[in-house]
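Colleague: I have a structure I would like to understand better, so I am pasting it below and will then ask my questions one at a time.
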């Protein structure tokens, strides 16, 4: 008997992606609800989400579509970008991503789905790559210490400004900037300086530069080479700054530093820049790994992540994040910076680019660029073009006067983009991708009718570069064996694989990190980021050549407005921390526009993410901490008292919703109304937006500003600690105070917060694909399933680890949580000596990344499973936690000593288990295979527990000598 015919809609299956993304099917859901004690998913949500904030209307989004259809639709949008050969430069250059790196890192989930390496033992591979990055930066800049990447060159320069202010003896508030620095860098510096009360003085000529350096200032910044291409000797300028007890900052091009004298050898105090041209496509501005290197005495004030070398319990070298006590999640409003996301994946790519090419390969690329620049200059001079005489590496400047726009337009008609510089000049920048044909094209652009073009015949035997002998580098670099070994593709492939095998990422197991939302990064979402139509666009190409990105930006902003309930959004912030910063700038700008610039008090609950107080400090606000009650909620009585106390000066209140305790607070609308009644604005941190999409919208329940984390809620991968995107979303009257970008053609606003107008533009297609394939109902189902999974874990573990906080619910005692739950381990210390960290390390033996450790409550674990995990994986995690609890009970019963047990000795390495001696009071089998399933598939930690104290006391942040790795 034939089955009845199915309707076409069922066969076409437009919603095919939903069960690919959501790991729970109908049968799983029924089982989970029975464990929780709710009749349906709808009933569960109704018992958790306060009715006062629940959405009454669905999001107005396109219906779900298939992966193939979404890719085709996005391909059509991408096709609206015009790909002309870029000679614009200005910090963004063509580059070749080696295929072995493209396929095995950028397109490899073992690398792009990992989290920030807070759990050192399971992050050794990418931390080795980051130490390679730090070593590369130190070697090329000539500086003693470098961090593990910054967000972009412009924000790195702004961070260098504040680092200098903290570190030097000068009491001045003046920051001197060379006018021939990249304009986007100047813009971001100006935005950052204003709320901090710092005065930026631009030197628009050599005379003005010298005059300012003879004046009073705390630091000066020079671009090296300058944005116009000119290379200057910096030694005399550095000496002037030091005589004023001021710092000298250099924004330097790493590829140029293979040939020109490094800033460190000229006395620079801080060096910043981008590694974009080390294998990362331009991508309309990002993501790219910026860098910062500094004097050794500045290291404890340096922002960003710093990977250092320590030892494990066996005395074996091991990597870890060093000097974390200076970071925002610990120092809060006293932090050196609010940055918590770096650019780890692009940093890994840059480091591997250096590993693969080695010092000689990098030098050859740089020499080719420099030679082509000299050849181009000679040919242009033969044609009578007005080439300015200057020392140069890759960029020529031409004084074209009134003909500037005409020549630029002619270049466009011939398929090339030149840079118009100060209206009367043209700049031409060459790069790794430049060919002879490109040089000939440029000669044609400047040739007058009938002029014979130069030929390459005279240059075949080589040409002298435009770098003067006095500025040529003589020191060696990248001498460590790692940069001189893996130059065959086979060797490189195996090195990359060996490092990734050391790490635990989403391709192996669930990463249940609370407040981090480690959900699926679907392959179909990732595919478009390497399309040339997105990857090869210069951020400052003419707007009419970027119509694809314009449409992508408009659609994504409209969809995110639907998800959040806000009126306007900027996608410029390239991390959640930067979205926070931009949001607070919007609030500050709003108050100032009303003549209320005195409003500078920011109320922040004690449980808030560390970025909140750090961001408030960055915009010049004074942080006042409000209490939380015994249930983890904002203490409304204390908040009311402080609103009244600071009513005249109240600028903002920052809350996270659902709270950092994993609950929906019922008083959130009351809180928003209270703050508004005192003239303040409400900032709703979007860190936990995965519990809200389709269910509630902060812009509807009283929020004025939020930032999103597209690398959490909207599927951009975490990349081992970046890239991210942190859009800032605002209500109608704050729209005029969103970020602007004069260099990128975005007028108005509070200034630029990123180097590029669309920030990390190249990863925006990921979130576009996710929303397009899920549709409104799919996004809502994802939110509800994430909440379901968290409550299932909480319910199954309640007899082993109590959940610390729960939502009040309709009856005031639902006992349910939001999308994450905090497991209370505090009582175990007294009964067994076990700390939450011990459980975290023991989970490694079970093949799991630990949940968030000791945040927001010390000695707890915060678990967030996300909607993408299957019931099988949830149960595997739960069974591991129950098994660990049984091990703890053996300690409590005296069967295992408190100082020598599977938890205190975790993680167990294969090397330690294979040793001839085994003097522990439990078997090797109990150490390695505590549950039977591990015999089928087992992750082995490459190192034992890492000694954090040793690592900070003996700080070492470069590649280890080979002898120590033996």
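Colleague: In Å and whole numbers, how far do the C-alpha atoms of the stretch 376-445 stretch along each principal axis, longest first?
Modeller: So the extents along the principal axes, rounded to whole Å, are 29, 29, 21.
Colleague: What percentage of all Cα-Cα pairs in the stretch 105-207 are separated by more than 24 Å?
Modeller: On the way: 2315 of 5253 pairs.
Here the tail beyond 24 Å accounts for 44 percent of pairs.
Colleague: Could you tell me how many cubic angstrom of Cα convex hull volume the stretch 119-355 has per residue?
Modeller: That works out to 125 Å³ per residue.
Colleague: Neighbouring Cβ atoms within 10 Å as the yardstick, rank 704, 438 fewest first.
Modeller: So the ranking, lowest neighbour count to highest, is 438, 704.
Colleague: Zone of residue 16 (label point 7 Å along Cα→Cβ, backbone N under 18 Å): which residues in the stretch 492-525?
Modeller: Residues 522-525 fall inside that zone.
Colleague: Computed from the coordinates I sent, mean projected area of the Cα convex hull in nm² equals one of [x] 45.9; [y] 42.6; [z] 52.2. Tell me the label.
Modeller: Checking each listed value against the structure points to [y].
Colleague: Sticking with this one: Relative to the first principal axis of the alpha-carbon coordinates of the chain, what is the inclination of helix 489-501, with its axis defined by its Cα atoms, in degrees from 0 to 90 and to the nearest 10?
Modeller: Roughly 30 degrees between the two axes.
Colleague: Also, quick follow-up: Treat each spin label as a single point 7 Å out from the Cα along the C-beta direction, and report the residue 360 to residue 593 distance in nm.
Modeller: Taking the two extended label points, one gets 6.0 nm.
Colleague: Let a ≥ b ≥ c be the square roots of the eigenvalues of the Cα gyration tensor of the stretch 568-759; is it rounded (a/c under 1.5), or, if not, prolate (a/b larger than b/c) or oblate? Walk me through the numbers on the way to the answer.
Modeller: Numbers: a/c = 1.83, a/b = 1.20, b/c = 1.52.
Since a/c reaches 1.5 but b/c is at least a/b, the shape of the stretch 568-759 is classed as oblate.
Colleague: Sticking with this structure for a sec: Once both labels are modelled 7 Å past Cα along the beta-carbon direction, what's the residue 501-residue 746 spacing in nm?
Modeller: Calculated label separation equals 4.4 nm.
Colleague: Here's a follow-up. Counting other beta carbons within 10 Å of each residue's own, what order do 153, 887 fall into, fewest first? Walk me through the intermediate numbers first.
Modeller: Values: 153 30, 887 23.
Taking fewest neighbouring Cβ atoms as first place, the list is 887, 153.
Colleague: Figure the gain on full extension for residue 831 and residue 40 (residue separation times 0.36 nm, minus the Cα-Cα span) and round it to one decimal in nm.
Modeller: On the way: separation 791, 0.36 × 791 = 284.76 nm, distance 3.87 nm.
Taking 0.36 nm per residue and subtracting the Cα distance, the gain is 280.9 nm.
Colleague: Which parts of the stretch 866-881 would a label at residue 700 reach, counting a residue when its backbone N lies under 18 Å from a point 7 Å out along Cα-to-Cβ?
Modeller: None, by backbone N distance to the label point.
Colleague: Label residue 647 and residue 883 with points 7 Å out from Cα along Cα→Cβ: what is the distance between them in nm?
Modeller: 6.0 nm
Colleague: Please determine, in degrees from 0 to 90 and to the nearest 10, the orientation of helix 67-78 with respect to the longest principal axis defined by the Cα atoms of the chain, where the helix direction is its Cα long axis.
Modeller: On a 0 to 90 degree scale, this one is about 30.
Colleague: List residues of the stretch 816-851, by number, whose backbone nitrogen lies under 12 Å from a label position 7 Å along Cα→C-beta of residue 938.
Modeller: 845-847
Colleague: Which peptide among 39-49, 772-782, 529-539, 180-190 comes first, and what is the full order, when sorted by highest mean count of other Cβ atoms within 10 Å?
Modeller: On the way: 39-49: 17.5, 772-782: 22.5, 529-539: 20.9, 180-190: 24.2.
Going from most to least packed, we get 180-190, 772-782, 529-539, 39-49.
Colleague: Grab the Cα-Cα distance for residue 73 and residue 523, subtract it from 0.36 nm times how many residues apart they are, and report the gain in nm with one decimal. Provide the component values of the computation, followed by the final result.
Modeller: Numbers: separation 450, 0.36 × 450 = 162.00 nm, distance 1.64 nm.
Residue separation times 0.36 nm, minus the Cα-Cα distance, leaves 160.4 nm.
Colleague: Sort 525, 489, 917, 464 by Cβ crowding within 10 Å, fewest neighbours at the top. Please list the in-between numbers first.
Modeller: On the way: 525 29, 489 13, 917 6, 464 10.
In order of increasing Cβ crowding within 10 Å: 917, 464, 489, 525.
Colleague: Now for a different question. What percent antiparallel are the DSSP beta bridges of the chain, to the nearest 5?
Modeller: Working: 43 of 78 bridges.
Antiparallel bridges: around 55 percent, rounded to the nearest 5.
Colleague: Let me ask another. Specify the angular offset, from 0 to 90 degrees and rounded to the nearest 10, of the alpha carbon long axis of helix 871-892 from the longest principal axis of the alpha carbons in the chain.
Modeller: So the inclination is approximately 70 degrees.
Colleague: While we're looking at this one, here's another question. Can you compute the FRET efficiency between residue 453 and residue 637 using 1/(1 + (r/R0)^6), with r the Cβ-Cβ distance and R0 = 60 Å? Round to the nearest 0.05.
Modeller: Details: r = 80 Å, r/R0 = 1.34.
About 0.15, to the nearest 0.05.
Colleague: Which FRET efficiency, nearest 0.05, do residue 954 and residue 166 yield, Cβ-Cβ r, R0 25 Å? The partial results should precede the final answer.
Modeller: Values: r = 24 Å, r/R0 = 0.98.
Computed FRET efficiency for residue 954 and residue 166 comes out at 0.55.
Colleague: Here is a follow-up. If you stretched the chain out fully between residue 245 and residue 558, how much longer would it get, using 0.36 nm times the residue separation minus the C-alpha to C-alpha distance? Each step should come with its number before you reach the end.
Modeller: Values: separation 313, 0.36 × 313 = 112.68 nm, distance 4.99 nm.
Computed gain between residue 245 and residue 558 is 107.7 nm.
Colleague: Right, something else. Kindly state, to the nearest 0.05, the FRET efficiency for residue 437 paired with residue 214, given R0 = 45 Å and r defined as their beta-carbon distance.
Modeller: Working: r = 48 Å, r/R0 = 1.07.
The pair residue 437/residue 214 has a calculated efficiency of 0.40.
Colleague: As a check on your grasp of the helix formula, calculate [θ] at 222 nm for the chain: sum -39500 (n - 2.57) over DSSP H runs of n ≥ 4, divide by the residue count, round to the nearest 500.
Modeller: Values: 32 runs with 348 residues, N = 966.
Rounded to the nearest 500, the figure is -11000 deg cm²/dmol.
Readers should treat all values here as calculations from the given coordinates under stated rules, not as data from a laboratory. Because the structure is a prediction, the values reported are computed rather than measured. Cβ: placed from backbone, ideal geometry, glycine included. Neighbour counts: every protein chain shown.
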